[in-house]
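Asks: What follows is a single structure, and I will ask about it in a moment.
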Amino acid sequence: MHAGPQDAADPATPESLSLIDAAAGVFATSRQHLAQLLTLLTLEARYAGLMLGMTLALALIGALAAFSVWGLLLAAALTGLLALGWSWSLALGSLALANVMLALISLWLMRRALTRIGLESTRRALGLDLRNDDAD
């Protein structure tokens, strides 16, 4: 046996590719990879949309259940007040006043929470904090 050039039929021998063939192979592989990434992105976006729709539907069901429970609690309170000897108008007026107070407290807490969404730290980090610029 002598150490000569490898046989062309030997599978371990790499094929000699031209630069154009190599570039075409890289382009085809890149295109295939990009197509797979786009398919994955499309599938994940569809799944995210489905999950968002399901979440909104479940939130609606939860809100309807909460409204039902609230109505039943008000009916039970009304029945209790009537059993204590309160008149219809006084019992209904008291429950309405309690609901108005609850709504006002909720609105006040929402307003406080919304005013705290100022993103002060982010604005300061980006150099957009105008209140500190006016103080200088």
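Read the figures in this text as sums done on the coordinates, not as results from a lab. It should be emphasised that the depicted structure is a prediction, and the values quoted were computed from it without experimental measurement.
Asks: State the Cα centre-to-centre distance between the range 44-67 and the range 93-124 in whole Å.
Replies: Using only Cα atoms to place each centre, the spacing works out to 25 Å.
Asks: Starting from the Cα gyration tensor of the range 87-126, take the square roots of the eigenvalues, sort them a ≥ b ≥ c, and report rounded, prolate or oblate (rounded when a/c is under 1.5, otherwise prolate if a/b is larger than b/c, else oblate).
Replies: Prolate, because a/c is 1.5 or more and a/b exceeds b/c.
Asks: Also, I was wondering about something else. Rounded if a/c is under 1.5, else prolate if a/b is larger than b/c, else oblate: which is the range 55-136, with a ≥ b ≥ c the root eigenvalues of its Cα gyration tensor?
Replies: Numbers: a/c = 7.43, a/b = 2.34, b/c = 3.17.
Cα axes put the range 55-136 in the oblate bin.
Asks: Decide, for the range 18-86, between rounded, prolate and oblate: order the square roots of the alpha carbon gyration tensor eigenvalues as a ≥ b ≥ c, take rounded if a/c falls under 1.5, and otherwise choose prolate if a/b is larger than b/c, else oblate.
Replies: prolate
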